[in-house]
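The values are calculated or read from the model by the stated rules, or taken from the named source; none is laboratory data. Just so you know, these numbers come straight off a predicted model, no measurement behind them. All Cβ positions, even for glycine, are placed from backbone atoms using ideal geometry, and neighbour counts span all protein chains on display.
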Amino acid sequence: MERRSFIKNAGLLAAGCGLGATAAASSTVFRANKLPAWKGFNLLDFFSPDPSKSRRPTPEDHFRWMRDWGFNFVRVPIAYPNYLAIDRNKKITPEEVYRIDEARVAEIEKLVTMAHRYGMHVSLNLHRAPGYCINAGFYEPYNLWKDQEAQDAFCFHWNFWARRFRSVAAAKLSFDLVNEPAMREDMNDQHSPSSAVPGAVYRKVAAAAAAAIRKENPARIVIADGNNVGNTVIPEIIDLDIAQSCRGYYPGRISHYKAPWANKDVNNLPEPKWPGKVGNEHYSREMLEKYYQPWIDLVNKGVGVHCGECGCWNKTPHAVFLAWFGDVLDILGSHGIGFGLWEFSGDFGVLNSRRADVQYENWYGQQLDKKLLELLRRS
């Protein structure tokens, strides 16, 4: 029996036998992931704070292809200003954070409805929340982790979405609170020093948002992205019935090779290899296993885990990308952890990634990375 099948079967056996926390903590017993192993993609329709700069809406054909290829999950990262009625020539004020634009909300609802039509579980995520985003480029009037006013607005937005989708079953829709949290000193400076959010602060914010959501639907699945830009488990919320989301970008020298938003100097980077020596480090599957072990431990403690984002920018050599990503997906899949590739169509995607070293297959006018698709489908 292959390693993945053995571990999955062991986890199902442990869950079926009703083993308690003491037995589950044993190194020889594995628990099944509390979350389904959803597999799919991120869709960036509402990623920009400015609707006029948004991508074209995801066409229905894309959902049909996802379904036909065996995928069942889409994550929708949303910038909250995208659905506000505000003057975008001025800095937003705290009062304007509450000005919902119903026409924009209807567009988000339309995407969710279409995804459900093709059997997709939808995870709505605030990629930009009031007072925080991993990316700068939009003025924030306060700090989500420090200011109660920002936290109140955060809860308002999640309560709004919870009411809007109150009647949608938990199996079809989940809420991912805020993308890749970190404690940045200046919310409006991309390169401002940052660190992990203090655990007690993260707990306070997550607990309040989850309560605002479950006031409308107690069964709603709530997910919190890992601390320190999605990289680390949040032990402080394990008891809150909130799932956690890891990332599939480690190490960044592989996933974000020459990405200008992640590297100050893109012209003097060591050539990526997998496995092999990159700069002063030796990259291997073992380093990935060590990186993901805390997330596997979290599964074995009975907390749901999903990898909400993963993938590789298009400057990494394709063969290196596939070798590395195959290990990432195998480690996650061996423990029943699903994934959402960033993205479906675009520079990280299975379609239209604009890589210079890929022989694309024409797919109804789209450029399909067949090797990446095959890797995703067998994972």
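Being crowded, with 19+ Cβ neighbours inside 10 Å and more than 30 Å from Ser194 (Cβ to Cβ) holds for only one residue in Leu111, Leu126, Leu84, Leu144, and it is Leu111. None of Arg56, Arg88 is assigned by TED's automatic domain parsing to the domain that holds Phe160, outside any helix (DSSP H, G or I), of a type in the set (D, E, K, R) and over 21 Å from Val350 (Cβ atoms) except Arg88. Can you tell me which residue in the stretch 251-275 is surrounded by the fewest Cβ atoms within 10 Å (Cβ to Cβ), limited to those that are closer than 20 Å to Pro77 by Cα and touching a helix residue (DSSP H, G or I) at 6+ places or on another chain (Cβ under 9 Å)? The selected residue is Ala262. Against the numbered list (1) within 17 Å of Ile78 (Cα to Cα); (2) part of a loop (DSSP other than H, G, I, E, B), Asn159 comes up short only at (2). When residues in the stretch 336-367 are screened for being of a type in the set (Asp, Glu), surrounded by fewer than 21 Cβ atoms within 10 Å (Cβ to Cβ) and within 17 Å of the chain's Cα centre (by Cα), 1 of them pass.
If you check Pro260, Pro272, Pro218 for being part of a loop (DSSP other than H, G, I, E, B) and farther than 29 Å from Leu329 by Cβ, only one passes: Pro218. There is at least one residue in the stretch 129-146 that is in the same structural domain as Asn89 (by TED's automatic domain parsing), closer than 29 Å to Asn72 by Cα, not hydroxyl-bearing (Ser, Thr, Tyr) and not in a loop (DSSP other than H, G, I, E, B). On the given criteria, is Gly308 at pLDDT 95 or above and within 26 Å of Asn125 (Cα to Cα)? So Gly308 passes the test. The condition (being closer than 30 Å to Ser192 by Cα and either free of Cβ contacts under 8 Å to residues at least 40 places away in the same chain or not basic (Lys, Arg) (or both)) is satisfied by just one residue among Gly333, Gly302, Gly326, Gly279: Gly279.
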